[in-house]
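Reading through the C-alpha cells given below for one structure.
Every read-out reported here was derived from the displayed coordinates using simple, explicitly stated rules and does not represent laboratory data. Predicted model, so just to flag it, every value in this text is computed and none were measured. With ideal geometry, Cβ positions are generated from the backbone for all residues, glycine too; neighbour counts draw on all protein chains shown.
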Amino acid sequence: MAATVTAASPGASGPGSSLIRTRSRRSVGEGVVRTILLAAAALSVLTTTLIVLSLVRETVSFFGDVSISDYLFGTKWTPLLSSAQQSFNVWPLLFATFYITLIAMVVALPLGILCAIYLAEYAGRRTRKIIKPVLEVLAGVPTIVFGYFALAFFTPEILKPLLGSGVGTNNQLAAGIIVGLLVLPTIASVAEDSMSAVPQSLREGAFGLGANRMQVSLRVILPAALSGVVAAVVLGASRAFGETVVILLAAGNGQLLPQGPVTNPLEPAGNMAAFIAGTAGGDIGQGSIEYKTIFTIGFTLFVVTLILNAVAIRLVNKYRQVYE
Amino acid sequence: MTGQQIAHAAATQRRVFPRPRRGDKVKSAGFYLLMLLALAAAMVALATLLIDVWGDGSSKLSSTLIENQPSKINPANSGLHSALIGTLYLMAICAVFVIPLGVATAVYLEEYADRTKWFNRLIELNIQNLAAVPSVVYGILGLAYIVRDGLSLGSTIVAGGLTLGLLVLPVVIIVSREAIRAVPPSIREGALALGATKWQTIWKQVLPGSIAGIATGVILALSRAIGETAPLLLLGAAVSSRIDPTLDNAVINALPLQIFNWSKDSDTANFLPLAAAAIIVLMALLLLMNSIAIYLRNRYEQKW
C-alpha cells in the first residue's frame, strides 16, 4: 500500500501538499511496528537454521565414529546391537522407506485420480457438495488413527485371512496400503481442484469436435491440469515418505535389518521416520552413537524430502498451463 | 485459416478424437464403472475405519475413562485423564505461541514485504519448504534445542507445545495470508486517505476484515497439532502417565501418545479397546473444533 500513498503524494498540489508526511512521532511508532513484524517473519528462517544446525552437528560427530562409505555402501543395518555387531549401512532403511511409499502410491495414485476425475467431470453439483467436504474431513483424521486401524483391524482381519500365515503382525504391506488410504483424500482433493480450474471453453471445444465425456476427461482435462495433478501426487508421496506412526505400529521400527533390504512385503521393516521415533523413545544417552544415529537418519530424511520437494516444484513449473 | 491449416487441424482432431466407433460406448461405460468403483473403495475403506474404531471402543466410553488415570496393568478401570489434560495444555500453549507469530508474519509478508528484496523472497521460500518437512524432524529440533540445549526446558508440556507450534506455524501463516489478501485494496486506500497511518489501517481495518479467515485457519492448525504423535515421541523419555502434566513438571502426555502406548503394548489385546476409546475422544474433540471453524466462517465471513 505504500506505493499507493507515494504515488498519490506528488500529484497532491495546492492545499493537498500538507499530506506529505514529515518524520513525526507517529512515523517512529510505525517503524517499530515494522521491525517487530519483520522479526516475527524472520523466526521461520531461524527455525530452518536450527533444524539444519541440530541435524548437522550430531551428523558430523556421527561420521567421526562411522566411515561414510560404511554408511552408504555396507549391507547391514544394526545400530542398536552391541558394538561388536553394530553396522550402520543406511541402504536397508532407505529401501524400506521407498518401498512402503511405493506400495502406498500403487494404492493411492489410481484411486485418487479416478476419484478426482469423477468429482470434477462426472459428478453432479449435489454429489460433489457432499463428497468434497467428506474428503477434506478425512484428510484431517490423525495418522495415529490409521496406525491403530492397520494394527488392530487390517492386518488381523483382512490380510491374515486373505494371505495366510506368512503375514507377520508387523508387515510392510499393511503399512503401505493404509498409508495409501491416508494420503488418498489429499491427492483426490488437490487433483480435483486443479481439474475444476480448467476453463469451461476447453471442455466445450472438445465436445464440439465430437469427443465423448471419457475422451474429454482423459485427453483434454487431465493433460491441461497436469501440473496440479503432479503436485497432488508428489504431495501425497512426500507425506507417505515421512509418515511415522502408521509405519511404527504396522510395519515395525526398523531397528534391525541385518539381512539387507527386506523385499518381502509380508515381513516387518521400518522406514527412516519410524526408526527415529521408535529409537528416541527408549533410554538412549546423549552423545552415544545410538543418539547420533537418530540425528544422522533425520538429516538423511530431511535432505531426501527437500530434494523431492524441489523436483516437484520444477515439474509443476514445467507443465504449468496458464489460462487467462 | 489457410487450406493447409484447416487440413492440419482436421488431422489433429482425428488423432485426438477418432471417429466414433462401436466399442466407444462400452469403453465409456467401463471407465465410468471404474471411477465409481474407485470412489466406492475409498469410501468403504474409510467408513470401515470409523466403524471399526467405534465398535472397538464405544463400550469403554464412560465417566471412568475421563476421570481415572491410565493404567498399564488393569484395563478395566483405566482412564485417560492425564492424556486429555495434556492435549488441552498442548492446544493452549500452541495457540499462545503460534497466533501472534503466525499473524505477524502474515501481516509482514502481505502488507510490508517488498518482494524484490532477497530476504523477503528467502522468507517466502523458507515457509513453503518448512511446510514439507516431515513432522518427526520437528521432533528432532525440539529434542535438540527446546528440551536440551538452547531453551533447556526439559521434557515438559511447554516444550511439547512449542515444538508443535513450530510444526503448524507455516499452516497459520499461509492461511492468514490468504485471509489478509482477501481484504480489497479499496479498504486500505480509504483508511489511508482519511489520514490513518499504515499500522492503524492494518489494526483497525485489515485485521478485523480478515479475522474470520484467520480464526478458521488457526483452529484447523491447532487441530492438526493435537493429532500429532511423532514429534511428542521424541521429546519425552518414558515417564509415568499417571500424573497430570502441569506447566513445570517433566511430564508429557497427550491423547495420541496414549493411543500409541496402548496400541503398541497390547500383546494381549486387552488395551486395544482403550486405544479405540481414546481415538473416539480425540476425534470428538477434533469434530468439535472443526464445527467451530465452520460456524465462524459462515457467521463472520465478510463479503466485499
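Suppose each label sits 7 Å from its Cα in the direction of the beta carbon; what would the B:LEU88-A:LEU102 distance come out to in nanometres?
4.9
Cα-Cα over 25 Å: which of A:LYS132/B:LYS264; A:LYS160/B:LYS264; B:LYS204/B:LYS303; A:LYS318/B:LYS303?
Values: A:LYS132/B:LYS264 34 Å; A:LYS160/B:LYS264 19 Å; B:LYS204/B:LYS303 17 Å; A:LYS318/B:LYS303 36 Å.
Beyond 25 Å between Cα atoms: A:LYS132/B:LYS264; A:LYS318/B:LYS303.
Which angle between 0 and 90 degrees, to the nearest 10, do you get for helix A:289-319 versus the longest principal axis of chain A when only C-alpha atoms count?
50
Can you check what the Kirkwood hydrodynamic radius comes to for region B:50-91, Cα pairs only, in Å to one decimal? List each step's numbers first, then the result.
Working: mean 1/r = 0.0896 Å⁻¹.
Result for region B:50-91, one decimal place: 11.2 Å.
Once phi is turned into θ = phi - 60°, what whole-Hz ³J(HN,Hα) does the Karplus curve with 6.51, -1.76 and 1.60 give for every residue of region A:82-87, x standing for Gly and Pro?
Per-residue couplings from phi come out as 5, 4, 5, 9, 5, 9 Hz.
Of the candidates A:LEU55, A:LEU163, A:LEU182, which one comes out as most mobile in a Gaussian network treatment of chain A with C-alpha springs shorter than 10 Å?
Ranking A:LEU55, A:LEU163, A:LEU182 by mean-square fluctuation puts A:LEU163 first.
Dipole size in debye (nearest 20) for the protein assembly as shown around its Cα centre, Lys and Arg Cβ +1, Asp and Glu Cβ -1? Walk me through the intermediate numbers first.
Values: 45 positive and 32 negative charges, 514 e Å.
Dipole of the protein assembly as shown, to the nearest 20 debye: 2460 debye.
For region A:21-161, rounded, prolate or oblate, judged on the Cα gyration tensor with a ≥ b ≥ c (square roots of eigenvalues), a/c < 1.5 rounded, else prolate if a/b > b/c?
Working: a/c = 2.98, a/b = 1.10, b/c = 2.70.
Oblate, since a/c reaches 1.5 and b/c is not below a/b.
For chain A, take the longest principal axis of its alpha carbons; what is the angle in degrees between that and the long axis of helix A:91-117, to the nearest 10 within 0 to 90?
With rounding to tens, the tilt is 50 degrees.
What is the distance, in nm, between label points placed 7 Å from the Cα along the Cα-to-Cβ direction at A:ILE313 and at A:GLU30?
Result: 3.3 nm between the two label points.
Say we join alpha carbon atoms closer than 10 Å with springs in a Gaussian network model of chain B; which of B:ALA92, B:ALA47, B:ALA293 then has the biggest fluctuation?
Greatest mean-square fluctuation among the candidates belongs to B:ALA47.
For region A:164-271, run through the GluC sites (Glu not before Pro) and keep only the ones in DSSP coil with at most 10 other Cβ atoms within 10 Å of their Cβ. Provide the component values of the computation, followed by the final result.
Working: sites: A:GLU192, A:GLU204, A:GLU243; in loops: A:GLU243.
Those that pass, being in a loop and sparsely packed, number zero.
Would you kindly compute the Cα radius of gyration of region B:123-209 and its largest Cα-Cα separation (Dmax), both in Å?
That works out to 18.3, 52 Å for Rg and Dmax.
Out of A:ALA269, A:ALA40, A:ALA280, any idea which swings most in a Gaussian network model of chain A, alpha carbons joined below 10 Å?
For chain A, modelled as a Gaussian network with Cα springs under 10 Å, the answer is A:ALA40.
Would you mind estimating how fast chain A diffuses translationally, via Stokes-Einstein at 25 °C and 0.890 mPa s with the Kirkwood radius over Cα pairs, in µm²/s? Please list the in-between numbers first.
Details: Rh = 23.5 Å.
Rounded to a whole number, D works out at 104 µm²/s.
Can you give the FRET efficiency to the nearest 0.05 for B:GLN5 and A:ALA197, using r as the Cβ-Cβ distance and R₀ = 41 Å? Walk me through the intermediate numbers first.
Numbers: r = 30 Å, r/R0 = 0.72.
E(calc), rounded to 0.05, equals 0.90.
Let me spell out the model: positive unit charges on the Cβ of Lys and Arg, negative unit charges on the Cβ of Asp and Glu, origin at the Cα centre of chain B. What dipole size does that give, in debye rounded to 20?
Values: 24 positive and 17 negative charges, 329 e Å.
It comes to approximately 1580 debye.
With only alpha-carbon atoms counted, please give the Rg and Dmax of chain B, in Å.
Final numbers for Rg and Dmax: 26.1, 86 Å.
How high is the FRET efficiency between B:GLN302 and B:LEU50 when r is their beta carbon distance and R₀ equals 35 Å, given to the nearest 0.05?
Numbers: r = 35 Å, r/R0 = 1.00.
Using R0 = 35 Å, I get an efficiency of 0.50.
Between the alpha-carbon centers of region B:112-156 and region A:77-122, tell me the distance in whole angstrom.
Spelled out, the Cα-based centre of one part sits 25 Å from the other.
Quick check for me: using +1 on Lys/Arg Cβ and -1 on Asp/Glu Cβ, what's the dipole size of region B:1-143 about its Cα centre, in debye to the nearest 20?
Values: 12 positive and 8 negative charges, 249 e Å.
In debye, rounded to 20, region B:1-143 gives about 1200.
Among the trypsin sites (Lys or Arg not before Pro) within region B:1-40, which fall in a DSSP loop and have no more than 15 other Cβ atoms within 10 Å of their own Cβ?
Values: sites: B:ARG14, B:ARG15, B:ARG21, B:ARG22, B:LYS25, B:LYS27; in loops: B:ARG21, B:ARG22.
Sites meeting the loop and neighbour criteria: B:ARG21, B:ARG22.
Out of all Cα-Cα pairs in the protein assembly as shown, roughly what percent, to the nearest whole number, are more than 41 Å apart?
Working: 65019 of 196878 pairs.
The share of Cα pairs beyond 41 Å in the protein assembly as shown comes to 33 percent.
Got a sec to turn the phi values of region B:207-213 into Karplus ³J(HN,Hα) couplings, 6.51 cos²θ - 1.76 cosθ + 1.60 with θ = phi - 60°, whole Hz, x for Gly and Pro?
5, x, x, 10, 4, 5, x
Can you give me the Kirkwood hydrodynamic radius for region B:29-166, using every pair of distinct Cα atoms, in Å to one decimal? Each step should come with its number before you reach the end.
Details: mean 1/r = 0.0507 Å⁻¹.
After inverting the mean inverse Cα-Cα distance, the result is 19.7 Å.
Each label point is 7 Å from the Cα along the Cα-to-Cβ direction; what then is the distance between the points at B:GLN128 and B:THR116, in nm?
2.1
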